[in-house]
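The values are calculated or read from the model by the stated rules, or taken from the named source; none is laboratory data. All figures in this text were calculated on a predicted structure; none of them were measured in a lab. All Cβ positions, glycine included, derive from the backbone under ideal geometry; neighbour counts span all protein chains shown. The area values use the complete protein model at the heavy-atom level, side chains included, leaving out ligands, DNA and RNA. Shrake-Rupley method; radii C 1.70, N 1.55, O 1.52, S 1.80 Å.
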Amino acid sequence: MRAYSDKKDVQKKAYYTDRYWVAPTVPRQTVESDDVFAADLAAIKAKFTVLEAYIEVEQLVIVINPDDNFGVMKLMKEELQFEQLIEMAAVDWLARSNEFEIVVMMLSMAKRKRMRVKYTVAKDQAVESLNPLYRSADWAEREMYDMHGVKVNNHPYMKRILMPDDWQGHPLLKSYPLHGDEAAQWYEVDKIFGKEARDIIGPEIRDSAAIERYDTERFSRLGHEVPYGTDISEGEPDTPLAYQEEDGVFLIRKVHEDDSVEITDRDR
Amino acid sequence: MAQHQVDFTQSGGLPIALTTVDKLVNWGRSNSLWALTYGLACCGIEMMASGASRYDFDRYGTIFRSSPRQSDIMIVAGTLTKKHAEFIRRLYDQMTEPRWVISMGSCANTGGMFNTYATVQGVDRVIPVDLYLPGCAPRPETLQYAVMMLQKKIRAEKAGKAQRPKRLM
């Protein structure tokens, strides 16, 4: 017989863990299997160091040194016909190796090819901005800074893009709690009322099922209204739901639901 | 005083209506609730639908205004982010008293499904709320009902008395 385990808090715990699940890996091909990519890679390798290169989901992936990023992009834009920078983003690998991986996705409309350029930067290492080459890098780099704290050199307007300017921390870091750190949890209270109002307003209620069922000082339950501050823990009276008061409303005709007419003829 | 055998309280007795100042003022207030357009997310679409011809908020005297200085009621329709919290407070402070707030939908009530660092967990952390309207998103009928309930609440208030400071501050 299975040992008894207390199930009182079973809803708070994950009831299922997939112990035997192994994350699938995407198959990779060598760069030589595609002539266009092979030529591109040769052109890049002629001038810069390429740490790793392979084809994944029909896209060329190259890993370069972070200091070469501007040079590689310039080469790709001016000679290899990769006209568009689709997206760039940082990946937080701080826990593994204290570095960020930056992924840049490129598109060549002329060659009908996509490729990804990756480079890793250490935690406090700044990277060169790609904004002079691709305008779309502008917001992407600001977002990288806002969400991960990756600093970018020579960016024309290095400012947070999503979070407020006086926000503390970088929310997309793996170490950032989902419910926010202390500064985030009290952000609106501190900003609007000041820190001394924290005691009055109280911490955020993060339990979505929290109901202040018996609080008759702050809430009045529709259909069960009682005078201010009444103790309703023993039960509460039903009050009829009505649009208007019993004795009618000044200058307004009383609604009688019995007198209402259901209109069935749409063309009347 | 002469006995005219006329029941003044009944319509048709004389072309006058006897009432109290409270009732007269509250009649005016409750039937011209000009609302500040405050669509923050998908609830805003339902709020717009309530104002449009099918549900027709104009029948209640609820006309949407774009300025807080012309509004009596703020319908907070949608998710309030922490970045936006200071602006909702500023707009609320710009509204003239008496003023009321309807918190429309789950996000405005409690933060709703956005249980994250960037969402205010209920607008009542920033501004005092008169009426919480559940739903995600509430139907226009529900918003209509909320406005009618708010009218009822206004009619029960003393007209001359300054509004009692609500929950916040």
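It is to be established whether one or more residues within the stretch A:144-160 are of a type in the set (Phe, Trp, Tyr) and either closer than 30 Å to A:VAL121 by Cβ or within 13 Å of chain B (Cβ to nearest Cβ) (or both).
To start, the set of residues in the stretch A:144-160 that are of a type in the set (Phe, Trp, Tyr) comprises A:145, A:157.
Those left that are additionally either closer than 30 Å to A:VAL121 by Cβ or within 13 Å of chain B (Cβ to nearest Cβ) (or both): A:145, A:157.
Within the stretch A:144-160 (the criterion being of a type in the set (Phe, Trp, Tyr) and either closer than 30 Å to A:VAL121 by Cβ or within 13 Å of chain B (Cβ to nearest Cβ) (or both)), the answer is yes, since at least one residue qualifies.
Residues are listed down the side, and each one gets a yes or a no for (1) without any contact (Cβ under 8 Å) to a residue 24 or more places away in the chain; (2) closer than 28 Å to A:SER175 by Cα:
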position	(1), (2)
A:PHE48	no, no
A:GLU56	no, no
A:ILE86	no, yes
A:GLU101	yes, yes
A:ALA126	no, yes
A:ASP138	yes, yes
A:MET144	no, yes
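For the stretch A:151-193, a residue qualifies if it is free of Cβ contacts under 8 Å to residues at least 12 places away in the same chain, part of a helix (DSSP H, G or I) and open to solvent by less than 20 Å² (accessible area, probe 1.4 Å), and exactly one does: A:GLU188. For the stretch B:53-88, which positions are surrounded by 14 or more Cβ atoms within 10 Å (Cβ to Cβ) and in a loop (DSSP other than H, G, I, E, B)? B:TYR55, B:GLY61, B:THR62, B:ILE63, B:SER71, B:ASP72, B:GLY78, B:THR79, B:LEU80, listed by residue number.
Checked against (1) in contact (Cβ under 8 Å) with a residue 40 or more places away in the chain; (2) surrounded by fewer than 17 Cβ atoms within 10 Å (Cβ to Cβ); (3) acidic (Asp, Glu), A:GLU52 meets all criteria but (1). Does A:GLU196 satisfy being surrounded by 13 or more Cβ atoms within 10 Å (Cβ to Cβ), within 14 Å of chain B (Cβ to nearest Cβ) and acidic (Asp, Glu)? No.
Looking at A:LYS254, is it open to solvent by 80 Å² or more (accessible area, probe 1.4 Å), charged (D, E, K, R) and more than 11 Å from chain B (Cβ to nearest Cβ)?
Details: open to solvent by 80 Å² or more (accessible area, probe 1.4 Å): no; charged (D, E, K, R): yes; more than 11 Å from chain B (Cβ to nearest Cβ): yes.
Judged against the criteria, A:LYS254 is not a match.
Against the definition (within 11 Å of another protein chain (Cβ to nearest Cβ) and either in a strand (DSSP E or B) or open to solvent by 20 Å² or more (accessible area, probe 1.4 Å) (or both)), how does A:ASP138 come out, yes or no? Walk me through it before giving the result.
Details: within 11 Å of another protein chain (Cβ to nearest Cβ): no; either in a strand (DSSP E or B) or open to solvent by 20 Å² or more (accessible area, probe 1.4 Å) (or both): yes.
In short, no.
Take the conditions (1) of a type in the set (Ser, Thr, Tyr); (2) in a helix (DSSP H, G or I); (3) within 14 Å of another protein chain (Cβ to nearest Cβ); B:SER50 misses just one of them, which is (3). Cβ-Cβ distance below 9 Å, separation of 6 or more or different chains: which pairs start in the stretch A:215-235 with a residue that is within 22 Å of B:ASN109 (Cβ to Cβ) and outside any loop (DSSP other than H, G, I, E, B) and end on one that is of a type in the set (Gly, Ala, Ser) and at pLDDT below 85? Filtered contacts from the stretch A:215-235: no entries. Looking at the stretch B:95-114, is at least one residue open to solvent by 20 Å² or more (accessible area, probe 1.4 Å), more than 9 Å from every other protein chain (Cβ to nearest Cβ) and in contact with a Lys or Arg (Cβ under 9 Å, 6 or more places away or on another chain)? Looking for residues that are open to solvent by 20 Å² or more (accessible area, probe 1.4 Å), more than 9 Å from every other protein chain (Cβ to nearest Cβ) and in contact with a Lys or Arg (Cβ under 9 Å, 6 or more places away or on another chain), one finds at least one in the stretch B:95-114, hence yes. Checking each residue in the stretch A:199-209 for being within 8 Å of chain B (Cβ to nearest Cβ) and open to solvent by 50 Å² or more (accessible area, probe 1.4 Å) picks out A:ILE200, A:ILE205, A:SER208.
Within the stretch B:125-135, which residues are of a type outside the set (Val, Ile, Thr) and either more than 9 Å from chain A (Cβ to nearest Cβ) or under 17 Å from B:LYS153 (Cα atoms) (or both)? Those that are of a type outside the set (Val, Ile, Thr) and either more than 9 Å from chain A (Cβ to nearest Cβ) or under 17 Å from B:LYS153 (Cα atoms) (or both): B:PRO128, B:ASP130, B:LEU131, B:TYR132, B:LEU133, B:PRO134, B:GLY135.
When each of B:LEU36, B:LEU91, B:LEU133 is tested for being in contact with a Lys or Arg (Cβ under 7 Å, 6 or more places away or on another chain) and among the aliphatic types (A, V, I, L, M), the lone residue that passes is B:LEU36.
Among the residues of the stretch A:210-237, those that are surrounded by 10 or more Cβ atoms within 10 Å (Cβ to Cβ) and polar (S, T, N, Q) comprise A:THR216, A:SER220, A:THR230. Contact map, the stretch B:128-141: residues that are open to solvent by 70 Å² or more (accessible area, probe 1.4 Å) paired with residues that are modelled with pLDDT of 90 or more and among the acidic types (Asp, Glu), Cβ distance under 7 Å, separation 6+ or inter-chain. Pairs shown: B:ARG139/B:GLU46.
Go through the stretch A:46-87 residue by residue and tally those that are part of a strand (DSSP E or B) and not β-branched (Val, Ile, Thr).
Taking the stretch A:46-87 and keeping what is part of a strand (DSSP E or B), we get A:50-56, A:59-64, A:84-87.
From what is left, the residues that are not β-branched (Val, Ile, Thr) are A:51-54, A:56, A:59-60, A:84-85, A:87.
Number of matching residues: 10.
Number of residues in the stretch A:87-122 that are open to solvent by 80 Å² or more (accessible area, probe 1.4 Å) and touching a Leu at 6+ places or on another chain (Cβ under 6 Å) equals 1.
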